[in-house]
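Shown next, in structure tokens, is the structure this report addresses.
The values are calculated or read from the model by the stated rules, or taken from the named source; none is laboratory data. This one's a predicted model, so the numbers in the text were calculated from it and none came from an experiment. Quick reminder, even Gly has a Cβ in these numbers, built from the backbone with ideal geometry, and neighbours come from all protein chains shown.
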């Protein structure tokens, strides 16, 4: 009585393991999944990707008619991102429609693919997620000056996984960086690529997104027994000539800054702070400048201050060390 069910089981197993009559064979070996139907889907997929690529190229050429060939503009940035997102969505939906015509198969395949990708491509997935966080949260745009992943500079490119930054140096007041040979906030000429997952690991500093200004300082050591009031006047005049002031910014911009960032209009004007040290009176002028060109502004301001000090006979202090040579006493001979 057991022979009948056993025969049925063996027969069913042999039918299940039997290769499909449409399977592709090479030297008598059956290739798993290689059927004319699947090969047809593969060719269709490659053709669909080629058509999508041509469609993206046509869109980019069409956009160039309106935005020109100049790179780095915000409109061009968002236009490229829009084209990339639309084409990526079309390709994904098209491939899914070609290979998974059954919703049940699609759900199972997506579950297996998702689990595998989540394990093998953790950093890649995090970088892509960072891309959408950057766009959705308006973290930065192309042209913004940022510091991300220990790199500071201007953003010149943004893709799904990477951000390209035109690197710049650091000012003397900031932390020393042995990797940079430029000792000021100017471009080094290097283009640094940073993965987008850095937005989850470290802070992102944006210098230009909404507040297009930056506070800076110049410290000048003035020797004691000088006319400090005159020195302060010279420093303030140079700062008012070069730095941003409420009058130079305009009434509407001052009102926007006050309303948006809670900054009093009086804080915009340059100010001089005094500090007593052991060697000199340190006068530090704090001023507001543009986000770009701050070094040129400080250079012009320093030249005016030095010129004013020379006219007023005000001495800039410096650390000096004096070596005094004492004559050696003559050593007489001891009496015998």
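Before moving on, here are some points about what is shown:
- Of all residues making up the stretch 293-317, the number that are part of a loop (DSSP other than H, G, I, E, B) and either touching a residue at least 60 places away in the same chain (Cβ under 8 Å) or within 28 Å of residue 170 (Cβ to Cβ) (or both): 5
- Selection over the stretch 225-240 of residues that are closer than 21 Å to residue 304 by Cα and either within 27 Å of the chain's Cα centre (by Cα) or loosely packed, with under 13 Cβ neighbours inside 10 Å (or both) gives a count of 1.
- Some residue of the stretch 213-228 being part of a helix (DSSP H, G or I) and touching a residue at least 60 places away in the same chain (Cβ under 8 Å): no
- Inside the stretch 109-153, residues that are at pLDDT 80 or above, surrounded by 12 or more Cβ atoms within 10 Å (Cβ to Cβ) and part of a helix (DSSP H, G or I) make up a count of 12.
Let's see how each residue does on (1) in contact with a strand residue (DSSP E or B) (Cβ under 8 Å, 6 or more places away or on another chain); (2) at pLDDT 85 or above; (3) not assigned by TED's automatic domain parsing to the domain that holds residue 277:
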site	(1), (2), (3)
158	yes, yes, yes
172	no, no, yes
184	no, no, yes
187	yes, no, yes
199	yes, yes, yes
221	yes, yes, no
244	yes, yes, no
249	no, no, no
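- In the stretch 195-205, the residues that are buried (at least 18 other Cβ atoms within 10 Å of the Cβ) and either without any contact (Cβ under 8 Å) to a residue 60 or more places away in the chain or outside any loop (DSSP other than H, G, I, E, B) (or both): 195, 198, 199
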